Structure formats: structure tokens, C-alpha cells
Amino acid sequence: MKVIENSKGPTLDQIDQQLEEVQMKLIQAANQHQDCDALTQQIMDLRKQKEKVQSRETDQQAKLHSLDEINKLVELHKYGLVDFDEGLVRRLVYKITIFQRYMEFTLKDGEVIRVNM
């Protein structure tokens, strides 16, 4: 199974801190009747960056949840199966692709297993 790596880049807390600092600078600049366009653009860029990080973290949490489910199933059946378990297959396998000489099983964690025929 794949390991989900920690992403590089700022965290939500760091972005929030930067956003707060730039907003304070914007307020000061506005009070001093200075040009605020660059600070406004910086705030918009930080908000977009924050949305991307939130989306990435949500996706990562969903993948971790899926991996937890798969690990529970593997632990439950760690001594092997005697009979075909359709429910288990449906919970582990995302798709099966059949080619002329081999089949590919794509698991829900993204791993691909290739079986020659």
C-alpha cells in the first residue's frame, strides 16, 4: 500500500498568520491613504492558497480514512479466506481492467496489481 506523504508548503495555520499580518498592513495603509492594490492582491492570493491547502487536506483525510478501512478488512481476514467474499472485493477493489494478456486490479488506495494470464 502507498504511504501518504506530508505535503510540502505552508500549513493552514501559517497561511492564516500571513493573512492576518497582511490584513493589518492593509488597514494601516488604508488609514494612511496609501496605495493598497498590492496588499489586496496579496490577500486574494493567500485566500486562494488557503483554499488549495484545505482541499488537499480534505482529500488526504479521505484517503487516510479509506486506508484505515482497508487495514481493518485486512486485519479481519489476515488468516486468509476459504470462500470468495464479494463484499470484501467490492470494498478493496476500485476497478478491474482486462487486457488480452493480463488483468489489472486497481485497489481503492490507488495501487495497481497486474496479473498475467
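Under the shape rule built on the C-alpha gyration tensor, where the axes satisfy a ≥ b ≥ c, region 59-108 is oblate, since a/c reaches at least 1.5 while a/b does not exceed b/c.
Give me the net charge of E20's neighbourhood, meaning all other residues with Cβ under 13 Å from the Cβ of E20; Lys, Arg count +1, Asp, Glu -1. Its environment carries a net charge of 0. Each of A29, Q61, V74 was scored by the projection of its Cα onto the charge dipole of the chain, and the greatest displacement toward the positive side belongs to V74; charges sit on the C-beta of Lys, Arg, Asp and Glu. In this simple spin-label model, placing a label point 7 Å from the Cα along the Cα-to-Cβ direction at both M44 and V89 gives a separation of 5.3 nm. A simple spin-label model places the labels of R114 and S55 3.2 nm from each other, with each point 7 Å out along Cα-to-Cβ.
Computed from point charges on the beta carbon alone (+1 for Lys and Arg, -1 for Asp and Glu), the dipole magnitude for the chain about its Cα centre is near 480 Debye. Its Kirkwood hydrodynamic radius, worked out from the mean inverse distance over all distinct Cα pairs, puts the chain at 18.5 Å.
In the chain, what percent of the accessible surface is made up of carbon and sulfur (1.4 Å probe, ligands and nucleic acids excluded)? Percent of accessible area from carbon and sulfur atoms in the chain: 51. Mind pulling the angle between the C-alpha long axis of helix 12-31 and the longest principal axis of the chain? Nearest 10 degrees, somewhere in 0 to 90. Approximately 20 degrees, to the nearest 10. Once all protein chains are placed together, L107 keeps about 40 Å² accessible to a 1.4 angstrom probe.
Given a 1.4 Å probe, how much area per residue of the chain is accessible, in Å²? Here the residues of the chain average 82 Å² of exposed surface.
To test your reading of the geometry: what angle, between 0 and 90 degrees and rounded to tens, separates the Cα axis of helix 37-76 from the longest principal axis of the chain? Between helix and principal axis, roughly 20 degrees.
What the phi angles of region 101-110 give under the Karplus curve with 6.51, -1.76 and 1.60, with θ = phi - 60°, is a coupling list of 10, 7, 10, 10, 9, 9, 7, 5, 8, x Hz, glycine and proline written as x.
Residue separation times 0.36 nm, minus the C-alpha to C-alpha distance between Q14 and T97: what's the value?
Numbers: separation 83, 0.36 × 83 = 29.88 nm, distance 4.30 nm.
Roughly 25.6 nm would be gained on extension.
Between A29 and E69, residue separation times 0.36 nm minus the direct Cα-Cα distance comes to 9.2 nm.
The values are calculated or read from the model by the stated rules, or taken from the named source; none is laboratory data. Nothing here was measured: the structure is a model prediction, and the numbers come from that model. Neighbour counts are summed over all protein chains in view; Cβ atoms, including those assigned to glycine, are modelled from backbone coordinates with ideal geometry. Ligands, DNA and RNA are stripped out before the accessible areas are found, and what is left, the full protein with its side chains, is counted by its heavy atoms. Shrake-Rupley method; radii C 1.70, N 1.55, O 1.52, S 1.80 Å.
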